[in-house]
Every structure is written in C-alpha cells, then in structure tokens.
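To start, the structure itself, in structure tokens.
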Amino acid sequence: MTKIRDMMTNDIETCSLLDNVYEVALKMKEHNVGSIPIVDGDKIVGMMTDRDIVLRCIAEKHPASSKVEDIMSKHLITVGPDTEAKEAANIMAEHQIRRLPVVDGDRLIGMISLGDFAIRESLGRQAYVALENISESNFRNKPF
C-alpha cells in the first residue's frame with residue numbers, strides 16, 4: 001500500500017500569524033496555489049484558502065490588512081505520513097477538502113492534494129472518487 005509520505009509535497013509555502021490577508025493572497029498568487037498553511041514556528045495552527053479570503057474577508061468587508069488569525073480556517077483535518085493513500089482520499093471526500101496537511105504531531109511536514117493522487121496512475125481512481133464525492137455534495141447543497 002502507498003503511504004502519504006511517498007506522495008506528499010515536502011516543499012510547502014507557509015505564512016505565519018504575523019502576516020496579514022494581503023500577504024497570504026500575494027503568496028498564493030506567486031506560487032499559484034489556492035491554500036497556504038498558517039504556522040506558529042513549525043506548528044500548523046490554521047489554513048487560509050482562497051475561499052476563506054473571499055467569504056470571510058472580502059464578502060464581510062474586512063480590509064486586506066486583516067490579521068490572518070481572524071480569517072483563517074482553524075478547524076484542521078490532517079493526516080500523518082504513515083497514513084495509507086486510500087484512507088487519506090476517504091478523509092478528503094468525507095470532509096469535502098481538496099488539500100490535506102501532513103503532520104508529525106503538530107509539526108507541518110507536507111501537503112497532499114487531489115492532484116497528487118491523480119498523477120499516480122494506480123491511485124487515480126481514489127482521486128476520482130474523492131473529487132466526485134466533494135463535487136457531488138457541493139452541487140447538492142448549492143441552490144442555482
């Protein structure tokens with residue numbers, strides 16, 4: 001079985017609690033990513049997604065200079081490096097998330113995304129099932 005440690009991205013851009021929303025958004029743009037882990041030292045304390053910026057900052061008319069801590073998602077779903085890939089894909093589907101921090105205790109050591117599953121031919125089916133569950137649930141819960 002494939003372990004998350006064998007698939008995860010190790011080189012992760014992070015921001016700290018000292019950063020503001022604008023700085024996080026700029027880092028997202030520079031690195032072409034939709035989420036940035038927020039760390040205190042090497043301990044992960046939150047995640048900031050492009051969705052967080054839109055819904056919790058812009059839509060609520062907070063300035064771009066707002067503290068990261070006021071906008072970030074604080075409820076974290078994480079996995080350890082020895083988690084099996086299938087289990088991680090199930091966690092992503094169950095919690096409706098596309099990116100999952102990989103931690104050793106509270107220390108951030110990597111990230112796994114649906115894309116990481118998709119590029120591994122043997123795990124592509126798991127990525128498909130996870131994305132289908134995420135998309136289907138989001139579709140059902142959104143009025144058009």
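The values are calculated or read from the model by the stated rules, or taken from the named source; none is laboratory data. Note that the structure is a prediction, hence the values are computed from the model and not measured. All Cβ positions, even for glycine, are placed from backbone atoms using ideal geometry, and neighbour counts span all protein chains on display. Remember, those area values only see protein heavy atoms, side chains included, never the ligands or the DNA or RNA. Shrake-Rupley method; radii C 1.70, N 1.55, O 1.52, S 1.80 Å.
Miscellaneous remarks
- Of everything in region 42-56 that is of a type in the set (Val, Ile, Thr) and under 18 Å from residue 109 (Cα atoms), the residue that is least open to solvent (accessible area, probe 1.4 Å) is 44.
- Selection over region 17-33 of residues that are exposed (fewer than 15 other Cβ atoms within 10 Å of the Cβ) and small (Gly, Ala, Ser) gives a count of 0.
- Number of positions in region 49-82 that are under 12 Å from the mean Cα position of the chain (by Cα), of a type in the set (A, V, I, L, M) and part of a loop (DSSP other than H, G, I, E, B): 3
- Qualifying residue in region 83-102 (condition: of a type in the set (Val, Ile, Thr), more than 23 Å from residue 2 (Cβ to Cβ), touching a residue at least 60 places away in the same chain (Cβ under 8 Å) and open to solvent by 10 Å² or more (accessible area, probe 1.4 Å)): no
- Condition check for residue 137: modelled with pLDDT of 95 or more, over 18 Å from residue 6 (Cα atoms) and among the polar types (S, T, N, Q): no
- In region 73-82, the residue that is surrounded by the most Cβ atoms within 10 Å (Cβ to Cβ) out of those that are of a type outside the set (Val, Ile, Thr) and without any contact (Cβ under 8 Å) to a residue 40 or more places away in the chain is 76.
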